[in-house]
Amino acid sequence: MVGIKEIDTFIVDIPTIRPHVLAMATMHHQSIVVVRMRDEDGIEGIGEGTTIGGLSYGEESPEGIKLAIDTYLTPLLKTCDAARVGATMATIAKSICGNHIAKCAVETALLDMAGKRLGVPVSELIGGGRVRDRLPVAWTLASGDTARDIEEAERVLGLRRHNIFKLKIGKRAVRDDVAHVAAIKRAIGDRGSVRVDVNQNWDEAQADLGMRLLHDADVDLVEQPVARHDRAAMARLSAKHVIPLMADEALRGPNDAFVIAACAGARVFAVKIAQSGGLLPAHAVATIAQAGGVGLYGGTMLEAGVGTAASAHLCATLPSLAWGTELFGPLLLTEDILAEPLCYSDFELEVPSGPGLGILLDEDRVAFHRRDRVAPRIHAVVERA
Ligand code: MUC
Ligand code: MG
């Protein structure tokens, strides 16, 4: 039995490099809940719990994630064996409903500790272990302005950083949104894949029209066009349209994955560790998808470096990842919370290879951006490429 001695949680707020305009919120910063644990042998584990736009994306807020960990998960963790991650998460699941992002943050820290204890990367502790070292990475164009999005696409194509683009739509009338997407696709042409995310903002009739027009505009994928609970509409739209529908918000773990795969509600799943409740349930989501003939995509909650590294470890274990990933979260932030930023090159993200998550926090930067910091903020912000 390896006891957990210390568990600390804090919120870090980091500005985004530009406003990130989604159907339900415009982000100017990202709020990250960091969990730091230390076991009785002195091994440290780090986890991250991150959502999007306060309470506008889902039922957990940054403040609620911290509260759930401090008040409910921490007392349970103090009774568990840190070396047995699956058993610890099963104990937590028996007493705590929902709260998938809080559970993911804690599970990530436990896996980080377990990997460090065993001297292996987290990816070797999941499923059959790592099958790939690099992951294709999409970029989201969501400035809210067509010309600016095209400029941004040209810049990252030129840097050979991304050639898959996800466009956030759903705020404007369907035909206006499609005109915006079509203009960007025309500019990018065959140099990249263009996909859209509606974040549940269409009803079925709007989705029907939108999917037809987006197919004609040469768009490759439509993510969560309708409400997450409307699986019947998702199944009808999937059956009717050639352009694949990807489930995102509808997927909150293996149970949803099973039901959606069984009703043919989506042809692709966005697998997110946070939404699934951790890397282990996210792996189960992917396994169900593969058994049901559903394609896989590594999704993000726009996590910073810790959550992005954790997601990368999960994605590295998936034998088929036909739609790539969107693990670009750290690049949307003005500053990185990692001492060594994750490595993006040739349109891919390198999966860290050191023990555990294979990352280290930049302690000064984290201390500076902590919400509970008391000292004055005098700090030079480094421009991102
Ligand atoms: C979402 O809904 O997929 C992922 C990329 C991005 O820009 O927003 C997130 C959320
Ligand atoms: Mg989405």
message = Using a 1.4 angstrom probe on the protein heavy atoms only, could you order Asp230, Asp133 from most to least accessible area?
response = Asp133, Asp230
message = Taking every DSSP beta bridge with both residues inside the chain, roughly what % is antiparallel (nearest 5)?
response = 55
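What ratio of Cα Rg to 2.2 N^0.38 Å holds for region 43-135?
Numbers: Rg = 14.1 Å, N = 93, 2.2 N^0.38 = 12.3 Å.
In units of the globular-protein estimate, region 43-135 measures up at 1.15.
List the pairs from Lys116/Lys166; Lys94/Lys240; Lys185/Lys240; Lys116/Lys272; Lys94/Lys166; Lys185/Lys272 whose alpha-carbon separation is above 31 Å, in the order I gave them.
Details: Lys116/Lys166 35 Å; Lys94/Lys240 40 Å; Lys185/Lys240 23 Å; Lys116/Lys272 23 Å; Lys94/Lys166 37 Å; Lys185/Lys272 26 Å.
Beyond 31 Å between Cα atoms: Lys116/Lys166; Lys94/Lys240; Lys94/Lys166.
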request  = Assuming R0 = 45 Å, can you tell me the calculated FRET efficiency for the pair His215 and Asp13, based on Cβ-Cβ distance, to the nearest 0.05?
outcome  = 0.70
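Using the Kirkwood radius built from alpha carbon pairs, what does the Stokes-Einstein equation give as D for region 125-350 at 20 °C and 1.002 mPa s, in µm² per second?
On the way: Rh = 17.5 Å.
My calculation gives 122 µm²/s for D.
What size of dipole, in debye to the nearest 20, comes out for the chain about its Cα centre when the only charges are +1 on Lys and Arg C-beta atoms and -1 on Asp and Glu C-beta atoms?
Numbers: 41 positive and 50 negative charges, 109 e Å.
So the magnitude is around 520 debye.
Can you work out the FRET efficiency for the pair Glu363 and Ala179, with r the C-beta to C-beta distance and R0 = 35 Å, to the nearest 0.05? Walk me through the numbers before you get to the answer.
Numbers: r = 47 Å, r/R0 = 1.35.
Taking R0 as 35 Å, the efficiency between Glu363 and Ala179 is 0.15.
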query = Over the heavy atoms of Ser345, what accessible area does a 1.4 Å probe trace out, to the nearest 10 Å²?
reply = 40
ask   = In nm, to one decimal, how far is the Thr71 label point from the Asp133 one, both placed 7 Å along Cα→Cβ?
value = 4.6
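Within 12 Å, Cβ to Cβ, of Arg228, how many net charges do the neighbouring residues add up to if Lys/Arg are +1 and Asp/Glu are -1? The partial results should precede the final answer.
Values: positive: Arg231, Arg252; negative: Glu59, Glu223, Asp230, Asp248, Glu249, Asp256.
It works out to a net charge of -4.
Contour minus end-to-end for Glu204 and Gln290, with contour as 0.36 nm per residue of separation and end-to-end as the Cα-Cα distance? Display every interim value, and only then the final one.
Values: separation 86, 0.36 × 86 = 30.96 nm, distance 2.68 nm.
Here the segment from Glu204 to Gln290 would lengthen by 28.3 nm.
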ask   = Can you give the extra length, in nm with one decimal, that the chain gains between Ala239 and Arg155 once fully stretched, where that is 0.36 nm per residue apart less the Cα-Cα distance?
value = 26.6 nm
key: Cys343 - accessible surface, heavy atoms, 1.4 Å probe, Å² rounded to 10   = 60
query = ³J(HN,Hα) across region 50-60 via Karplus (A = 6.51, B = -1.76, C = 1.60, θ = phi - 60°), whole Hz, x for Gly/Pro?
reply = 9, 10, 10, x, x, 9, 7, 8, x, 7, 9
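In what sequence, largest accessible area first, do Tyr344, Tyr297 appear using a 1.4 Å probe? Please list the in-between numbers first.
Values: Tyr344 35, Tyr297 5 Å².
My answer, sorted largest first, is Tyr344, Tyr297.
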Heavy-atom accessible area order for Glu326, Glu151, Glu204, largest first, 1.4 Å probe = Glu151, Glu204, Glu326
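Rounded to the nearest 0.05, what FRET efficiency is calculated for Thr91 and Met24 with R0 set to 30 Å and r the Cβ-Cβ distance? Intermediate results must be reported in sequence, preceding the final value.
Values: r = 34 Å, r/R0 = 1.14.
It comes out at approximately 0.30.
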ask   = So which aspartates and glutamates pass the test for Lys171, namely a Cα distance under 13 Å, with those fewer than 8 places away in the same chain ruled out?
value = Asp145, Asp197, Asp203
message = Around Ala239, under 15 Å between beta carbons, what's the net of Lys plus Arg minus Asp minus Glu among the other residues?
response = +2
query = Per-residue ellipticity at 222 nm for the chain, helices alone: DSSP H runs ≥ 4 residues times -39500 (n - 2.57), over residue total, nearest 500 deg cm²/dmol?
reply = -10500 deg cm²/dmol
query = Just the accessible area for His28, please: 1.4 Å probe, Å², rounded to the nearest 10?
reply = 120
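Over the chain, consider all pairs of different Cα atoms and compute the Kirkwood hydrodynamic radius from their mean reciprocal separation; express it in Å, one decimal. Provide the component values of the computation, followed by the final result.
Details: mean 1/r = 0.0479 Å⁻¹.
Over the chain, the inverse of the mean reciprocal pair distance is 20.9 Å.
Within 11 Å, Cβ to Cβ, of Gly299, how many net charges do the neighbouring residues add up to if Lys/Arg are +1 and Asp/Glu are -1?
Details: positive: Lys166, Lys272; negative: Asp197, Glu223, Asp248, Glu249, Glu303, Glu326.
Here the count lands on -4.
For region 176-329, what % of the accessible area comes from carbon and sulfur atoms, probe 1.4 Å?
Values: 2500 of 4630 Å².
C and S atoms contribute 54 percent here.
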query = In nanometres, what is the gap between the two model label sites at Glu350 and Glu6, each 7 Å from Cα along Cα-to-Cβ?
reply = 3.1
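The values are calculated or read from the model by the stated rules, or taken from the named source; none is laboratory data. Everything quoted here is computed from the prediction, not taken from an experiment. Please note: Cβ atoms are built from the backbone with ideal geometry, for glycine as well, and neighbour counts cover all protein chains shown. Protein only, heavy atoms only, side chains kept; ligands, DNA and RNA dropped before computing areas. Shrake-Rupley method; radii C 1.70, N 1.55, O 1.52, S 1.80 Å.
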